[in-house]
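Below are the structure tokens for one structure; questions will follow.
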Number of protein chains: 2
Amino acid sequence: MNPAHIADQYLAIWNERDAATRRAMIARTFSLDACYVDPMMRGAGHDGIDAMIAGAQSHFPGHRFTLDGTPDGHNDLVRFSWTLAAADGQRVASGMDVATVAADGRLASVNGFLNAA
Amino acid sequence: MNPAHIADQYLAIWNERDAATRRAMIARTFSLDACYVDPMMRGAGHDGIDAMIAGAQSHFPGHRFTLDGTPDGHNDLVRFSWTLAAADGQRVASGMDVATVAADGRLASVNGFLNAA
């Protein structure tokens, strides 16, 4: 269980614009029945999570997620913070996610929170 | 779902030194099969959570938890931050918890994280 590696893999999925590559990354990273929820959206299963991320990308063209601080974790939990910024560097959102890691190392669930503006 | 109320009730349990009062608060606040886990300890069920909190209190006599910032939440999730301080005000730890709220309003799970010193 390597929180930094998990957070990097996870944010790379949100930044991956190639549909086939992103779908393969999701299959490697999430359990079959994984669920994601934050204040703005939710998705379940590989198809549901992929559709959710594709939708978010279409709302934020050219934007990228970057890691803030150092991910940490304990037991089957990982915590990390992130910022979403436009191509010109303007930050549009930041938040913190808590992921639960399944026995096979893939993510069983991700609960996302947005930081106050 | 009132994140501030939930966080207040929750931290009051950790601060309650009267065993019978604390046990009654736990029964009101946690689901029967609730589970708690952080980097230092874990507990499950009303008895397990009560024993865990009693143990923590015995390690930190006279200390109190106070809320930091403003709790937030969405869907069935609540997030809040806290500080543990000695009676003289000296801070000994701080952290952030994410709780899942069951359909009846009680806490089904709490995942705790400690902030870096």
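I'd like the full set of residues that are β-branched (V, I, T), out of contact with any Ser or Thr (no Cβ under 9 Å at 6 or more places or on another chain) and buried (at least 19 other Cβ atoms within 10 Å of the Cβ), limited to segment B:1-36. It would help to see each step written out before you state the result.
Going through segment B:1-36, the residues β-branched (V, I, T) turn out to be B:6, B:13, B:21, B:26, B:29.
From what is left, the residues that are out of contact with any Ser or Thr (no Cβ under 9 Å at 6 or more places or on another chain) are B:21, B:26, B:29.
Residues satisfying the conditions are B:I26, B:T29.
Continuing with the same structure: Going residue by residue through segment A:43-64, is there one that turns out to be without any contact (Cβ under 8 Å) to a residue 40 or more places away in the chain and in contact with a His (Cβ under 7 Å, 6 or more places away or on another chain)?
Our first condition is that a residue be without any contact (Cβ under 8 Å) to a residue 40 or more places away in the chain; within segment A:43-64, this holds for A:43-52, A:54-55, A:58-63.
Those still in the list that are in contact with a His (Cβ under 7 Å, 6 or more places away or on another chain) too: none.
Within segment A:43-64, none of the residues are without any contact (Cβ under 8 Å) to a residue 40 or more places away in the chain and in contact with a His (Cβ under 7 Å, 6 or more places away or on another chain).
Considering each residue of segment B:94-117, count those that are within 14 Å of chain A (Cβ to nearest Cβ), free of Cβ contacts under 8 Å to residues at least 60 places away in the same chain and of a type outside the set (V, I, T), and give that number. Outline the logic, then answer.
Applying the first criterion (within 14 Å of chain A (Cβ to nearest Cβ)) to segment B:94-117 yields B:94-101, B:108-117.
When the remaining residues are screened for being free of Cβ contacts under 8 Å to residues at least 60 places away in the same chain, the result is B:94-96, B:98, B:100, B:115-117.
Now restrict to residues that are of a type outside the set (V, I, T): B:94-96, B:115-117.
Result for segment B:94-117: 6.
One residue is enough: does segment A:18-36 have a residue meeting the conditions within 14 Å of another protein chain (Cβ to nearest Cβ), under 27 Å from B:S109 (Cα atoms) and assigned to a strand (DSSP E or B)?
If we filter segment A:18-36 for residues that are within 14 Å of another protein chain (Cβ to nearest Cβ), which is where we start, we get A:35-36.
Those still in the list that are under 27 Å from B:S109 (Cα atoms) too: A:35-36.
Okay, now just the ones that are also assigned to a strand (DSSP E or B), so A:35-36.
Checking segment A:18-36: at least one residue is within 14 Å of another protein chain (Cβ to nearest Cβ), under 27 Å from B:S109 (Cα atoms) and assigned to a strand (DSSP E or B).
Here's another thing I want to ask about it. Looking at (1) within 14 Å of B:G112 (Cβ to Cβ); (2) within 10 Å of the chain's Cα centre (by Cα), can you tell me which one B:D38 breaks?
With respect to (1) within 14 Å of B:G112 (Cβ to Cβ); (2) within 10 Å of the chain's Cα centre (by Cα), B:D38 is out only on (2).
Would you mention how many residues in segment B:53-78 are over 28 Å from A:A116 (Cβ atoms) and either within 14 Å of another protein chain (Cβ to nearest Cβ) or exposed (fewer than 13 other Cβ atoms within 10 Å of the Cβ) (or both)?
5
Something else: Quick check on my filter: what residues within segment B:2-17 are assigned to a helix (DSSP H, G or I) and under 25 Å from B:G62 (Cβ atoms)?
Of all residues in segment B:2-17, those assigned to a helix (DSSP H, G or I) come to B:3-15.
Correct list: B:A7, B:D8, B:Q9, B:Y10, B:L11, B:A12, B:I13, B:W14, B:N15.
What is the number of the single condition among (1) among the hydrophobic types (A, V, I, L, M, F, W, C); (2) open to solvent by 50 Å² or more (accessible area, probe 1.4 Å); (3) within 14 Å of another protein chain (Cβ to nearest Cβ); (4) more than 13 Å from the chain's Cα centre (by Cα) that B:A87 does not meet?
(3)
The values are calculated or read from the model by the stated rules, or taken from the named source; none is laboratory data. As the structure is a prediction and not an experimental result, all values here were calculated from the model. Note that we place each Cβ from the backbone using ideal geometry, even for glycine, and neighbour counts take in every protein chain shown. Remember, those area values only see protein heavy atoms, side chains included, never the ligands or the DNA or RNA. Shrake-Rupley method; radii C 1.70, N 1.55, O 1.52, S 1.80 Å.
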